[in-house]
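Okay, structure first, notes after.
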């Protein structure tokens, strides 16, 4: 299939920023040329001509941290529904976490996930395998088997690897198989029975708190192990200023560490827990205003490489209960882009930096070759940055509705998502 995207503003640091026409053929970007002076007749024999005038054309957004729940918890999300939510949000590829049931700690589960993703035929899915069997933190999974089946990373996300020796061995073995280790940085002894950030708000609400050091001491430990092994380490869902300080110092020392944060950490604070709102309960928890500002600064200066969602679907069964009994996590695939565009409007990031944090850096972290140059895979997100709209979780493609941003007025969204040269989402076609 031949598709031409005409007149869109190319947002890719490796390409000139200009209005350009882009030719897609057989899943590959074949040509990119300035739109000035061009006309439709310059592109004979195309199957689809997409007018992107006034739109932003980015390398497809990639989310390094998503929970698709299948197998085992299909009432919360399926691979098909999660991938559909992704492309509606402009996300062309996701890395899915292994805390499924059964756990993705073997080739059979990895192959099942990839089979379901192929059947969905929307977003690309890159599975992360478990570091330890059953996420028990005792015995390492077979990394070679996971890699051969299609895993791109290993992590016990949802559970920290408390055993430092096991984490060291994981880093060493992962390097040998070309896998990146993703760290869920949490000291369970410091977390204790905590259910939200430790501070004035938790005291007022009478809830047990989780101190910042529950995250940062494990970030510091894992950075030390990364320095020892020289293996690639990716720190998930960074939420504290102390963690940022450690990551920044590690990068200055040339330690091969990368990091991600999520929109809720640069948009919300622990004050948004309000009166026990379980949609504001997550792990790590929402932190203070000072932590939020540190996150925004770290995104601006590149200390934090990527914006991910930590998309964590839950049903009302897990969320419509007392705060201390509610499950951690929120959905984010369909809200991440408009919330992140807010950073551009606030002057925190340029639009090119946003493309780096949401497209190119996530691709590098996962070992993918992406961009808008000729010869690159045709994974593309087209954005209307000015479209005002109201977030309505009832319209989400995700099966879950645990969204703290429901009812927010935002600006900007994806109008078209292209994966492997196929238009998998077109907002015009979906309009009632």
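The values are calculated or read from the model by the stated rules, or taken from the named source; none is laboratory data. Note that the structure is predicted; figures quoted are calculated from it, not measured. Positions of Cβ are backbone-derived with ideal geometry, glycine not excepted, and every protein chain shown enters the neighbour counts.
Which condition does residue 75 not pass, out of (1) in the same structural domain as residue 125 (by TED's automatic domain parsing); (2) without any contact (Cβ under 8 Å) to a residue 60 or more places away in the chain; (3) surrounded by fewer than 24 Cβ atoms within 10 Å (Cβ to Cβ), if it passes all the others?
Answer for residue 75: the failing condition is (2).
Do the conditions hold for residue 318, that is, is it assigned by TED's automatic domain parsing to the domain that holds residue 87, buried (at least 22 other Cβ atoms within 10 Å of the Cβ) and over 30 Å from residue 46 (Cα atoms)? If you could, list the steps in order and put the result at the bottom.
On the way: assigned by TED's automatic domain parsing to the domain that holds residue 87: yes; buried (at least 22 other Cβ atoms within 10 Å of the Cβ): no; over 30 Å from residue 46 (Cα atoms): yes.
For residue 318, the condition - assigned by TED's automatic domain parsing to the domain that holds residue 87, buried (at least 22 other Cβ atoms within 10 Å of the Cβ) and over 30 Å from residue 46 (Cα atoms) - is not met.
Regarding residue 25, is this residue surrounded by fewer than 24 Cβ atoms within 10 Å (Cβ to Cβ), under 27 Å from residue 341 (Cβ atoms) and not assigned by TED's automatic domain parsing to the domain that holds residue 283?
no
Kindly evaluate residue 186 against the criterion of being part of a helix (DSSP H, G or I), buried (at least 18 other Cβ atoms within 10 Å of the Cβ) and either at pLDDT below 95 or within 23 Å of the chain's Cα centre (by Cα) (or both).
no
Somewhere in the stretch 98-108, is a residue under 30 Å from residue 427 (Cα atoms) and surrounded by 18 or more Cβ atoms within 10 Å (Cβ to Cβ)? Steps first, please.
Of the residues in the stretch 98-108, the ones under 30 Å from residue 427 (Cα atoms) are none.
No.
Whether any residue in the stretch 386-393 is at pLDDT 95 or above, closer than 22 Å to residue 265 by Cα and touching a helix residue (DSSP H, G or I) at 6+ places or on another chain (Cβ under 7 Å) is what I want to check.
No: zero hits.
Taking the conditions exactly as written (under 28 Å from residue 73 (Cα atoms), without any contact (Cβ under 8 Å) to a residue 40 or more places away in the chain and assigned by TED's automatic domain parsing to the domain that holds residue 207), does residue 394 satisfy them or not?
It is false that residue 394 is under 28 Å from residue 73 (Cα atoms), without any contact (Cβ under 8 Å) to a residue 40 or more places away in the chain and assigned by TED's automatic domain parsing to the domain that holds residue 207.
Could you pull out the residue among 45, 82, 72, 54 that is touching a strand residue (DSSP E or B) at 6+ places or on another chain (Cβ under 7 Å) and in a loop (DSSP other than H, G, I, E, B)? Full working, then the answer.
Details: 82 fails: in a loop (DSSP other than H, G, I, E, B); 72 fails: touching a strand residue (DSSP E or B) at 6+ places or on another chain (Cβ under 7 Å); 54 fails: touching a strand residue (DSSP E or B) at 6+ places or on another chain (Cβ under 7 Å).
Result of the check over 45, 82, 72, 54: 45.
Given the criterion at pLDDT 95 or above, out of contact with any helix residue (DSSP H, G or I) (no Cβ under 8 Å at 6 or more places or on another chain) and either part of a helix (DSSP H, G or I) or within 29 Å of residue 381 (Cα to Cα) (or both), identify the matching residue among 171, 166. If you could, list the steps in order and put the result at the bottom.
Details: 171 fails: out of contact with any helix residue (DSSP H, G or I) (no Cβ under 8 Å at 6 or more places or on another chain).
That would be 166, the only listed residue that is at pLDDT 95 or above, out of contact with any helix residue (DSSP H, G or I) (no Cβ under 8 Å at 6 or more places or on another chain) and either part of a helix (DSSP H, G or I) or within 29 Å of residue 381 (Cα to Cα) (or both).
Quickly run through the stretch 191-246 and pick out the residues that are under 30 Å from residue 173 (Cβ atoms) and assigned to a loop (DSSP other than H, G, I, E, B). Before the answer, list the steps.
So in the stretch 191-246, the residues under 30 Å from residue 173 (Cβ atoms) come out as 191, 213-240, 242-246.
Hits for the stretch 191-246 are 230, 231, 232, 236, 237, 238, 239, 240.
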